[in-house]
Amino acid sequence: MKFLVLISNVPDTTTKIRFVDDNKAFDTTGVQWIINPWDELALTRAVELKEAGGIEKITVANVGESITEATLRKALAVGADDAIRIEAKPKDAFYVATQLAQVAKNYDVVMVGIEASDYNGSAVGGMLAEILGFNSVSAVSGMNIENGQLSLTREIDGGQQKIDVETPVVTIVQKGIAIDPRIPAMRGIMMARKKPLTVVPAVDAEEKTEYISFELPPPKAACKLVDEDNVKELVRLLQEEAKVL
Amino acid sequence: MSLLVYTENWDGKFKKLSFELVSYAKAMADKLNLPVTALSIGNVADDELKQLGNYGASKVLNVADNRFDSLDNKALAEAVAHAAKSENAQIIIFSHNNVGKAIAPRVAVKLNGGLVSGVTALPESFDPFVVKKKVFTQKAFAHVQIDPDIKILTLAQNSFELIETENNAVTETYDPQVADDVFSTTVKETNKVTGKVLLTDAEIVISGGRGMKGPENWGQLEELADILGAGLSCSRPVSDEGWRGHEEHVGQTGKIIAPNLYFTFGISGAIQHLGGVSSSKFIVAINKDPEAPIFEAADYGIVGDLFKVLPQLIEEVKKM
Amino acid sequence: MNFEFTDEHLMIRQAAKDYAERELLQDVLERDAKAEFPARHIKNLAELGFMGMMVDPKYDGSGMDTVSYVLVMEELSKIDAATSVIISVNNSLVCYGLCKYGTEEQKEKYLKPLARGEHIGAFLLSEPEAGSDAMHQHTLAENKGDHFLLNGTKNWITSGNSASTYIVMAQTYPEKGYRGINAFIVDRNSPGISLGPHEDKMGMRSSDTHSVMFTDVKVPKENRIGEDGFGYKFAMKALEAGRIGIASQAMGIAAGALERTIAYSKERKAFGTEIANHQAIAFKLADMAVKVENARNLCLKAAWLKDNGKPFAMESAMAKLYSADIAMEVTTDAVQIHGGYGYVKEYHVERLMREAKLTQIYEGTSEVQKIVVSRTLLRE
């Protein structure tokens with residue numbers, strides 16, 4: 001089986017979010033870019049499965065400008081076999097999915113994180129599947145290959161389900177698919193330099209949504225503190241002031 | 001033309017979010033002078049279907065076809081798209097949860113529509129169609145314009161109040177005509193808890209962190225949750241240590257929740273944790289460290305020993 | 001001049017940081033309290049390739065440069081210097097010495113498992129009566145033709161119990177003085193080796209430090225490193241490189257204390273505002289940061305010289321001297337700024353202060369580093 005893991009390049013999760021250009025653009029000054037945490041978990045599981053002998057090849061792909069190559073190199077260091085960067089500024093989810101479709105059609109299993117921690121679209125995986133006519137499974141928290149057949153665990157309301165699904169398929173993965181992202185070994189980091197990273201030109205695609213402007217949430221009022229021996233007062237505030245009890 | 005709402009049920013009862021979605025659609029529909037149609041897939045009794053009318057659905061399409069029980073995304077998307085076409089829907093609304101996230105993008109491609117996910121309010125304008133959504137894991141908002149005629153939205157949970165209206169709903173059985181060969185998901189095993197409050201649907205969530213010291217101390221949290229009818233969750237270190245299951249982990253990489261009241265015990269409030277809970281209406285923090293960042297996010301707090309606070313709290317809520 | 005790190009450098013640094021923050025931090029306080037060896041971590045760090053970082057891949061190492069090594073030592077030491085000293089001894093004393101002066105057979109047999117991290121190495125130079133005074137070795141290695149016979153005691157041996165491979169300096173020809181010293185590779189399980197108790201140290205408590213006694217220990221002659229009488233020079237060369245490891249460790253301890261203190265100063269309030277807003281604190285933070293940055297630059301300069309085949313003995317001594325001294329100053333300031341919190345274990349800075357002290361003492365005290373620097377200056 002051939003796996004394609006989609007990699008988003010996102011600001012480090014501790015980044016202080018700021019906007020520039022009259023709140024029309026995200027301020028990238030001093031931002032450290034990382035692999036989207038859910039994509040990193042997807043890659044980690046793919047590498048584990050490859051080490052167990054179930055996968056022929058893992059490719060990582062990204063739609064982005066050259067700045068994203070460091071992120072792809074890290075994915076190669078973690079254990080992907082090759083990388084593809086589609087040369088384009090990612091616009092909306094449909095635009096990105098259309099770009100990825102030209103690459104993803106050659107794979108059996110596509111893995112993508114449940115959302116990207118920047119624009120929180122949660123849409124690329126589903127759109128890509130629909131464009132290619134692949135099935136898609138969302139909220140995947142476990143993946144195994146048993147006798148050459150893909151076996152998935154997904155989160156459903158109140159629990160989990162084990163399912164079989166025909167390939168090709170887009171799996172939209174979440175926490176649980178792997179516990180911690182894999183730290184690349186030194187050997188992997190050295191090898192990453194020699195692994196192929198192909199740059200593919202963008203295809204024409206429509207942009208269906210546009211980000212007009214951004215805003216930060218209003219500052220929060222200070223926390224009202226209650227004495228440790230006066231829990232009664234806390235309950236009163238929640239009942240009478242917040243009206244949530 | 002109409003607005004179409006994708007509703008969800010849990011063991012035959014509509015989730016609260018379904019009523020939120022219908023209320024939201026109705027508020028928009030009134031401005032556009034259009035009717036709201038609700039789509040229900042699953043085994044839901046007629047009385048329950050009628051409930052959707054209380055929030056403004058004028059028509060309820062009932063798909064009682066157990067082939068959809070396998071939650072095959074491709075088939076579900078085809079069913080929604082079929083209904084959207086037959087209802088001539090201009091705006092299609094899903095919840096921003098696992099189900100909505102799975103189906104809405106597929107429906108958007110099928111109908112050549114524009115999708116915005118995680119919407120938090122009614123559109124700011126209809127022409128151009130602009131909505132507000134959360135970005136950067138709830139640390140900011142964006143205003144997004146949808147260009148195509150068909151607009152598809154996933155609504156962030158707890159971002160719209162329930163509004164009851166006069167009930168004029170008609171329910172009808174609906175066949176979305178999805179062929180057998182579209183279904184390609186086989187369910188082998190289901191493990192689900194019934195009769196417990198769904199974390200993502202709970203109005204009150206009780207959450208424990210590393211300050212709880214160990215899994216043996218969770219009894220009091222469970223008791224409190226039982227009395228309040230609350231969901232139970234935990235921070236990442238707790239699930240990583242194996243004190244509680246991963247399904248209870250809330251935070252940026254775990255479940256994202258938005259209850260009315262989020263009660264934390266011994267959670268310091270790392271930025272990654274807050275990313276998953278900051279849409280809660282009210283946050284209460286109980287932590288012995290006055291410097292813990294959770295107090296920056298909380299509305300009410302107690303700086304003190306949670307093991308002293310918990311028994312008192314249980315006594316107080318019992319009296320309610 | 002180019003101060004830019006390569007993409008690989010950044011990735012390696014991140015890998016070390018991720019491991020330290022995710023894994024070492026979890027049990028560092030507990031291991032310090034119980035003086036427990038970090039066996040699980042050493043195994044994991046070996047799998048990541050940190051035990052033989054600069055060893056050629058043909059001997060199962062990672063083939064990294066010394067700059068990478070500095071970055072890794074800094075990140076690990078910010079969190080846990082007791083673990084990083086095990087890494088440092090293995091990499092820059094033991095593996096480095098064997099790489100540079102070992103025979104092909106010695107490399108096959110001993111270097112490979114050390115570089116893979118399956119074996120841990122220890123470097124046995126100090127003696128009860130010869131710490132800084134390495135020229136006067138009392139441990140004897142009698143030349144018996146096909147083997148040497150070791151007798152004597154070595155002190156303060158890092159990984160004394162956990163190591164499988166010892167590098168031992170001992171006197172073969174007392175009449176020749178330091179020119180009679182040899183260095184040997186000694187199997188830890190050789191008959192005649194016994195250990196003193198686990199030293200109950202002030203800091204670096206989870207690294208296991210022992211004295212090691214040799215009683216008629218037979219060492220095959222093929223285990224001698226280099227020519228007959230090369231031992232003193234070997235030890236000095238190994239220490240030249242080793243100093244970069246300990247210098248980076250000291251700098252990392254200081255950098256870790258600084259990071260914690262900055263975070264604390266931005267959270268802790270006094271007199272109605274975060275203490276970082278008080279100039280007395282803010283200026284102290286600035287002084288600490290300048291010291292850390294100076295130390296980092298000295299470490300990287302020494303590493304760069306070594307990577308480029310240039311002499312680095314004086315620069316590595318400067319780096320070790322300066323980094324160790326400022327580590328003591330910066331960690332002391334860190335505890336002071338933390339106030340009462342700084343004096344309790346939970347906040348880590350008191351531990352960093354205890355760890356910093358050792359960096360002024362081991363692998364050449366600060367005074368010995370001054371000897372190295374001044375002798376180089378005055379040589380012409």
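The values are calculated or read from the model by the stated rules, or taken from the named source; none is laboratory data. None of the values given here were measured: they were computed from a predicted structure. Quick reminder, even Gly has a Cβ in these numbers, built from the backbone with ideal geometry, and neighbours come from all protein chains shown. Remember, those area values only see protein heavy atoms, side chains included, never the ligands or the DNA or RNA. Shrake-Rupley method; radii C 1.70, N 1.55, O 1.52, S 1.80 Å.
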For region C:7-120, fraction of C-alpha pairs farther apart than 17 Å, in %:
51
Computed over the Cα atoms of region A:146-211, the Rg and Dmax in Å are 18.5, 46
Radius of gyration, Dmax [region A:1-103; alpha carbons; angstrom]:
14.9, 52
Comparing B:Thr190, B:Thr264, B:Thr37, which has the greatest mean-square fluctuation in the GNM of chain B with Cα pairs linked when under 10 Å apart?
B:Thr190
Percent of all Cα-Cα pairs per 20 Å bin for the protein assembly as shown, counting from 0 up to the last occupied bin, reads 13, 39, 31, 14, 3, 0
Kirkwood-based Rg over Rh for region B:2-182 (C-alpha set), two decimals?
0.94
With the charge dipole of chain C built from beta-carbon charges (+1 for Lys and Arg, -1 for Asp and Glu) about the Cα centre, the Cα from C:Ile185, C:Ser248, C:Leu377 projecting farthest to the positive end belongs to C:Leu377
What area, in nm² and to one decimal, does the C-alpha convex hull of region C:238-378 cast on average over all directions?
8.8
To the nearest 10 Å², what's B:Leu34's accessible area with a 1.4 Å probe?
40
Round to a whole angstrom and tell me the spacing of the C-alpha centers of region B:275-301 and region C:38-62.
42
In debye, nearest 20, what is the charge dipole magnitude of region C:1-137 about its Cα centre with +1 on Lys and Arg Cβ and -1 on Asp and Glu Cβ, if you could check?
240
Rounded to the nearest 500, what is the 222 nm mean residue ellipticity of chain C from helices alone, with -39500 (n - 2.57) per DSSP H run of 4+ residues and division by all residues?
-15500 deg cm²/dmol
Size of chain B as Cα extents on the principal axes (Å, biggest first)
59, 43, 37
GNM result for chain A, Cα springs below 10 Å: residue of A:Val231, A:Val60, A:Val203 fluctuating most strongly:
A:Val231
Which FRET efficiency, nearest 0.05, do C:Arg379 and B:Glu216 yield, Cβ-Cβ r, R0 60 Å?
0.35
Please report, in debye to the nearest 20, how large the charge dipole of region B:179-273 is about its Cα centre when each Lys and Arg carries +1 at its beta carbon and each Asp and Glu carries -1 there.
320
No solvent, one uniform scatterer per C-alpha: report log10 I(q)/I(0) for region C:56-207 via the Debye equation at q = 0.09, 0.12, 0.15, 0.21 1/Å, two decimals.
-0.31, -0.55, -0.86, -1.45
Calculate the translational D of chain C in whole µm² s⁻¹ from Stokes-Einstein, where the hydrodynamic radius comes from the Kirkwood formula applied to all Cα pairs, the temperature is 20 °C and the viscosity 1.002 mPa s.
102
What number, in percent, do you get for the relative contact order of chain B if the mean sequence gap of Cα pairs under 8 Å and at least 6 apart is divided by its residue count?
14
Most fluctuating residue given options C:Met11, C:Met73, C:Met213, as computed from a GNM of chain C linking Cα atoms under 10 Å
C:Met11
For chain A, with +1 on Lys and Arg beta carbons and -1 on Asp and Glu, the positive-most of A:Gly142, A:Thr98, A:Met191 along the dipole
A:Met191
The pairs in B:Lys59/B:Lys188; A:Lys2/B:Lys188; A:Lys89/C:Lys78; C:Lys43/C:Lys301 lying past 28 Å Cα-Cα in this model are B:Lys59/B:Lys188; A:Lys89/C:Lys78; C:Lys43/C:Lys301
What Kirkwood Rh does region C:153-305 have if only Cα atoms enter the pairwise 1/r average? Answer in Å.
19.2
Fraction of the pair-distance distribution of region B:199-319 above 25 Å, Cα-Cα pairs, percent
10
Find the centroid of the Cα atoms in region C:85-127 and in region C:147-213, then give the distance between the two in whole Å.
14
Contact order relative to length of region B:199-319, as percent, for alpha carbon pairs under 8 angstrom and 6 or more apart:
24
Percent of Cα-Cα pairs per 5 Å bin, from 0 to the last occupied bin, for region C:122-232, please list those.
3, 14, 24, 26, 18, 10, 4, 2, 0
Classify region B:137-189 as rounded, prolate or oblate, taking a ≥ b ≥ c as the square roots of the eigenvalues of its Cα gyration tensor: rounded when a/c is under 1.5, otherwise prolate if a/b is larger than b/c and oblate if not.
oblate
Can you give me the orientation-averaged projected area of the convex hull built on the Cα atoms of region C:1-62, in nm²?
5.9
What is the ratio of the Cα radius of gyration of chain A to 2.2 N^0.38 Å, where N is its residue count, to two decimals?
1.18
